[in-house]
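The values are calculated or read from the model by the stated rules, or taken from the named source; none is laboratory data. Note that the structure is a prediction, hence the values are computed from the model and not measured. So basically every Cβ, Gly included, is an ideal-geometry build from the backbone, and we count neighbours across all protein chains shown.
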Ligand code: CDP
Ligand code: MG
């Protein structure tokens, strides 16, 4: 009700009245929003089975919940369990997600539904970002983060329930986490028997680090109660989870799915990016309103399609509806990822350009059309050569179905598969778990840090090949992370396990302290953690090349990245002195990036990562030292840490990777693409029609036996 005012009033009264009216209006809006949320929650398929689900959780220590995307599992179940009293005694309900973006968006949504401030009762924690407090009871996090928490608290004693969400994605972290949780659950339910070995093993693995890690003492852990485990999955993989957890009960929650019309192309598409572009405009010009979701394989592709869409928008006939592009991929900073969830302004149709992140992890409202070129970027590992690479491969049938399902969440939709129907039947049923196709060094290091020494005997849901495990043990040994008896070494192995990075990168930082180039290595590690710092728009190729040339180092890509970072820091420093408002500084940086053909999003992300890793490094007692312009030290340090990724030039101009004997080419994006150095080290192997190495630096071949004698001894 609007308040009524007397006819005659002083101006002060009038002002107060207006304030009151405004306040009231706001209150009404808030109330209306709350009402809407309440209705929405009640209408979700999971709402009708709340009591049954809570009952099942009470009865079963491990429960598997299968339900279609959008049924309300991720947002509702933790609230049901909270309301049912599972957070008594200050216990926490932990929900793990394979992806950062899901942890953040869902936590925000649930905080709003609970009408609390994010970071209080409901919070999230992801690598490089923590939004929790001592009052957090429902905590969303990445699966990798929970693994790291286990280093500090091996029994995960603060948690009463752990929900492993999106388990069907079978990321390497999910698989390791499941094995670990099985152990923790056993230890917590039998505190006097099984727990002992586990705790002992944990404490033993980190004797020297007890001060910084403060592992749980047996007496404290004895107080902990049993741990409930819930595995949530979108597809029909319940049986394998159930078998792994000793015949655990599985329950199904029905989803809401409207019909989706699936359309195929007549012929295979030679250029799927072009086909995507054409389909976007075909939908935009011919189909009824509704947003579009297009699946692409990575940041570079997304950005190039984004630019092409912008070019073509200008050619649209007058009076056409506007088109707004929104990218979403894993390495996009979270606040920018949020743009995908905002409704398009009126008069606009939204086209979301996403990686497989949008398959199941996040629910973006408003999607009516899905474009699926049928491809995904995946890790692939060759245990014989020890080389991991990124390749673009066809999706599985399960992925294709998930993708098309995204068009039918709110009403009937359409999915455009950019391949002929005959191709669909050739797809594999489901995706091979990541643990079977990635380098395991990181996993093995973490397990070792948790005191789990027998990696081959570890109860993996799906065992990686023995060869892959042996290869990673060998790599860690060569990096100095393991001692002669294959236990975590002190201090190097322990320090490496503390850094949330790939082992080679951690090693590079640790060595950089000795080589007195920690500042530079920190920059490189941060810059290599993001995709594509440079961009080359088709229409301005020459200008972009010239811009990059101004940063280029004849020694290679790593120093080039350092040059870019230093120049960007200088730009920020300059704008600080003229005007210190953060927004203005960011604007300046954005402008600088545009002028220099630097990807602003990537650079900002790299800057965030830089400050986070710097925090870790300082906590470890390292203080960043710079080698200034003496890049020789820096290149020697690169050689000492990435010696497993060294390659020698062959007479025909190609390179031979020394550890695997594979023939590789320098990627055209490298500053060393034309100037062929005799010996190089590289960071990444990308397989397309050839083996390409990216991020390459020239080194002296004599440094290899000098700096990595454990691998390049004179007689080998
Ligand atoms: O986990 P599941 O896919 O079963 O569903 P959910 O993530 O709990 O989402 C249930 C519903 O909540 C979605 O269909 C959306 O309508 C809504 N939701 C939202 O509006 N914003 C979010 N960030 C997450 C969910
Ligand atoms: Mg979910």
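Exactly one residue out of 106, 172 is away from ligand 2 (no atom under 15 Å from the Cβ) and either touching a residue at least 24 places away in the same chain (Cβ under 8 Å) or more than 14 Å from the chain's Cα centre (by Cα) (or both), and it is 172. Only strands (runs of 3 or more DSSP E) whose full extent lies in the range 119-172 are considered here, and the ones with at least 2 residues that are within 11 Å of residue 94 (Cβ to Cβ) are 122-126, 138-142, 159-164. The residues of the range 65-74 that are more than 6 Å from ligand 1 (Cβ to nearest atom) and surrounded by 22 or more Cβ atoms within 10 Å (Cβ to Cβ), listed by number, are 65, 66. A count restricted to the range 43-74 and to residues that are under 26 Å from residue 157 (Cβ atoms) and within 16 Å of ligand 2 (Cβ to nearest atom) stands at 6. Meeting the requirement of 2 or more residues that are under 29 Å from residue 546 (Cα atoms), the strands (runs of 3 or more DSSP E) wholly within the range 598-716 are 646-649, 663-666, 679-687, 691-698.
Conditions (1) modelled with pLDDT of 90 or more; (2) within 12 Å of ligand 1 (Cβ to nearest atom); (3) under 17 Å from residue 166 (Cβ atoms); (4) in contact with a strand residue (DSSP E or B) (Cβ under 9 Å, 6 or more places away or on another chain), marked per residue:
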{"site": "86", "(1), (2), (3), (4)": "yes, no, no, yes"}
{"site": "94", "(1), (2), (3), (4)": "yes, no, yes, yes"}
{"site": "97", "(1), (2), (3), (4)": "yes, yes, yes, yes"}
{"site": "107", "(1), (2), (3), (4)": "yes, yes, yes, yes"}
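Here is the figure for the range 345-383: residues that are surrounded by fewer than 19 Cβ atoms within 10 Å (Cβ to Cβ), more than 15 Å from ligand 1 (Cβ to nearest atom), closer than 17 Å to residue 284 by Cβ and in contact (Cβ under 8 Å) with a residue 24 or more places away in the chain total 2.
Condition test on residue 81, is it within 14 Å of ligand 1 (Cβ to nearest atom), in a loop (DSSP other than H, G, I, E, B) and either within 26 Å of residue 225 (Cβ to Cβ) or in contact with a strand residue (DSSP E or B) (Cβ under 9 Å, 6 or more places away or on another chain) (or both)? Against the criterion (within 14 Å of ligand 1 (Cβ to nearest atom), in a loop (DSSP other than H, G, I, E, B) and either within 26 Å of residue 225 (Cβ to Cβ) or in contact with a strand residue (DSSP E or B) (Cβ under 9 Å, 6 or more places away or on another chain) (or both)), residue 81 does not qualify.
Would you check if residue 77 is buried (at least 21 other Cβ atoms within 10 Å of the Cβ), within 11 Å of ligand 2 (Cβ to nearest atom) and at pLDDT 95 or above?
Spelling it out, residue 77 is indeed buried (at least 21 other Cβ atoms within 10 Å of the Cβ), within 11 Å of ligand 2 (Cβ to nearest atom) and at pLDDT 95 or above.
One line per residue, one yes/no per condition, for (1) more than 16 Å from ligand 2 (Cβ to nearest atom); (2) within 24 Å of residue 362 (Cα to Cα); (3) in a loop (DSSP other than H, G, I, E, B):
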residue: 378; (1), (2), (3): yes, yes, no
residue: 385; (1), (2), (3): yes, no, yes
residue: 389; (1), (2), (3): yes, no, no
residue: 392; (1), (2), (3): yes, yes, no
residue: 438; (1), (2), (3): yes, no, yes
residue: 457; (1), (2), (3): yes, no, yes
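The strands (runs of 3 or more DSSP E) found entirely in the range 242-321 that carry 1 or more residues being within 16 Å of ligand 2 (Cβ to nearest atom) and farther than 23 Å from residue 347 by Cα are 249-253. I'm checking my understanding of the structure. Among residues of the range 241-269 that are exposed (fewer than 14 other Cβ atoms within 10 Å of the Cβ) and over 21 Å from residue 397 (Cα atoms), which one is nearest to the chain's Cα centre (by Cα)? Across the range 241-269, the extreme among qualifying residues is 243. Restricting 568, 575 to residues that are assigned to a helix (DSSP H, G or I) and over 28 Å from residue 514 (Cα atoms) narrows the list to 575. Annotation: of all residues in the range 327-344 being part of a helix (DSSP H, G or I) and within 19 Å of residue 407 (Cβ to Cβ), the one that is nearest to ligand 1 (Cβ to nearest atom) is 341. Restricting the range 326-350 to residues that are modelled with pLDDT of 90 or more and closer than 14 Å to residue 601 by Cα leaves a set whose member that is farthest from the chain's Cα centre (by Cα) is 326.
Among the candidates 471, 448, which residue alone is part of a helix (DSSP H, G or I), touching a residue at least 60 places away in the same chain (Cβ under 8 Å), farther than 25 Å from residue 145 by Cβ and within 27 Å of the chain's Cα centre (by Cα)?
471
Scanning the range 395-431 for residues that are in contact with a strand residue (DSSP E or B) (Cβ under 6 Å, 6 or more places away or on another chain) and outside any loop (DSSP other than H, G, I, E, B) turns up 403, 404, 406, 407, 408, 413, 414, 415, 416, 417, 421.
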